[in-house]
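The values are calculated or read from the model by the stated rules, or taken from the named source; none is laboratory data. Worth saying up front: this structure is predicted, and the values here are computed from it rather than measured. All Cβ positions, glycine included, derive from the backbone under ideal geometry; neighbour counts span all protein chains shown.
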């Protein structure tokens, strides 16, 4: 039984080299859309797990279309 428990525990651990996801969310100052790095914006070529710093400068708010620079860090 102890070996089984160890095997299950090994499956539940996150590898050390697993990508870390920034949990900081960003809010559009015009419409209030929230960019969540865990979700990304796959419809606009931003994969889930993409931190704000890695979102392309050409990306714009999917709701109102303003530039990335119009977003503020969520409180």
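Points to keep in mind about this one:
- Any hit, region 2-24, residues being within 16 Å of residue 74 (Cβ to Cβ), modelled with pLDDT of 50 or more and part of a strand (DSSP E or B): no
- Taking the criterion of being out of contact with any helix residue (DSSP H, G or I) (no Cβ under 9 Å at 6 or more places or on another chain) and assigned to a loop (DSSP other than H, G, I, E, B), the residues of region 50-63 that qualify are 50, 51, 63.
- Looking across region 54-66, not a single residue is closer than 21 Å to residue 31 by Cα, exposed (fewer than 15 other Cβ atoms within 10 Å of the Cβ) and within 13 Å of the chain's Cα centre (by Cα).
- Neighbours by Cβ (under 8 Å, 6+ apart or cross-chain): first from region 61-74, over 10 Å from residue 34 (Cα atoms); second surrounded by 11 or more Cβ atoms within 10 Å (Cβ to Cβ) and at pLDDT below 95: none
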